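I have placed the structure first, in the form of structure tokens, so that the comments after it can refer back to it.
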Amino acid sequence: FGLFLFGLGESLLITSGAGVGPYTVLASGITNLTDWSIGFSTFVISIFALLLWIPLKQKPGMGTILNVIIIALTIEFSVKFLPQPSAYPFQVLQVIIGILVTGLGSGFYLISNLGAGPRDGLMIGLQELTNMPIFSIRTTIEISVIIIGSLCFLHNIDKLLGEVVGLGTALFALGIGPSVALGLTLVGKLSKQN
């Protein structure tokens with residue numbers, strides 16, 4: 001359920017038209033260069049991230065594999081049915097809702113302890129290898145995927161600015177941490193009541 005919510009939150013950002021999260025910038029860039037869908041591009045990025053686990057000696061869990069499949073499938077099929085607002089205030093509202101849904105999904109996913117997601121395992125492996133602070137590792141990864149994804153739009157810069165990299169990207173970068181913390185708090189309280 002958490003992975004479905006995570007994918008749905010990402011899809012809300014995609015269909016908002018006001019900017020997406022860093023890894024979705026990369027997925028959009030790959031989609032721009034290929035005939036692949038955004039869901040399939042997301043799947044390929046997750047597999048590539050898992051391959052990077054091998055030299056880092058990270059071990060996937062059941063949640064890792066489910067992460068790769070469920071998030072990609074949710075994005076693949078939900079973007080067709082979600083609203084695509086044309087008025088900018090509604091686009092920004094949809095971004096905020098998407099960030100909150102992603103955070104709630106993360107809360108469910110993380111509290112289950114079934115294995116790190118491909119991107120989180122990459123971050124943990126690099127932190128263990130370099131001994132750098134986790135914040136520095138995550139920030140470097142996020143900026144790198146935005147740059148690589150943006151380079152895929154060199155011949156289509158109009159689509160990149162605003163629609164893929166925009167206010168939503170900045171809001172995601174600033175809001176995903178607090179949103180995940182809120183999600184963990186809400187799911188933690190819910191699980192203690194049961």
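The values are calculated or read from the model by the stated rules, or taken from the named source; none is laboratory data. The structure presented is a predicted model; accordingly, all values stated were derived computationally and were not measured. Cβ sites come from the backbone with ideal geometry, for glycine too, and all protein chains shown count toward neighbours. Just so you know, the surface numbers come from the protein's heavy atoms only, side chains and all, with ligands and any DNA or RNA stripped out. Shrake-Rupley method; radii C 1.70, N 1.55, O 1.52, S 1.80 Å.
Quick rundown of the values:
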read-out: Built amide H within the under 5 Å cut-off of G61, gap 5+; value: A116
read-out: Solvent-accessible area, 1.4 Å probe, carbon plus sulfur percent, for the chain; value: 72
read-out: With DNA, RNA and ligands ignored, accessible area of L129 (1.4 Å probe; Å², nearest 10); value: 130
read-out: For the chain, built as a Gaussian network whose Cα springs stay under 10 Å, the top-fluctuating residue of F40, F153, F135; value: F135
read-out: Theoretical FRET efficiency, 1/(1+(r/R0)^6), r = Cβ-Cβ of H155 and D35, R0 22 Å, to 0.05; value: 0.90
read-out: Sites L186 and L93 - FRET efficiency at Förster radius 25 Å, r taken between beta-carbons, to 0.05; value: 0.75
read-out: Calculated from backbone phi, Karplus (6.51, -1.76, 1.60) coupling profile of segment 71-86 in Hz, x at Gly/Pro; value: 5, 4, 5, 4, 4, 3, 9, 7, 4, 6, 10, 8, x, 10, x, 9
read-out: Separation between Cα centres of segment 115-133 and segment 146-194, rounded to whole Å; value: 19
read-out: Relative contact order %, segment 62-157, counting alpha carbon pairs below 8 Å whose residues are six or more apart; value: 36
read-out: Expected 222 nm ellipticity per residue - DSSP helices of 4 or more, -39500 (n - 2.57), all of the chain, to 500; value: -26000 deg cm²/dmol
read-out: For segment 9-24, 3J(HN,Hα) per residue [Karplus equation, 6.51 cos²θ - 1.76 cosθ + 1.60, θ = phi - 60°, Hz, x = Gly/Pro]; value: x, 4, 5, 4, 5, 4, 7, 5, x, 10, x, 10, x, x, 5, 6
read-out: Solvent exposure of the chain as accessible area per residue, Å², 1.4 Å probe; value: 53
read-out: Ranked by how many other beta carbons lie within 10 Å on average, peptides 65-71, 143-149, 94-100 from highest; value: 94-100, 65-71, 143-149
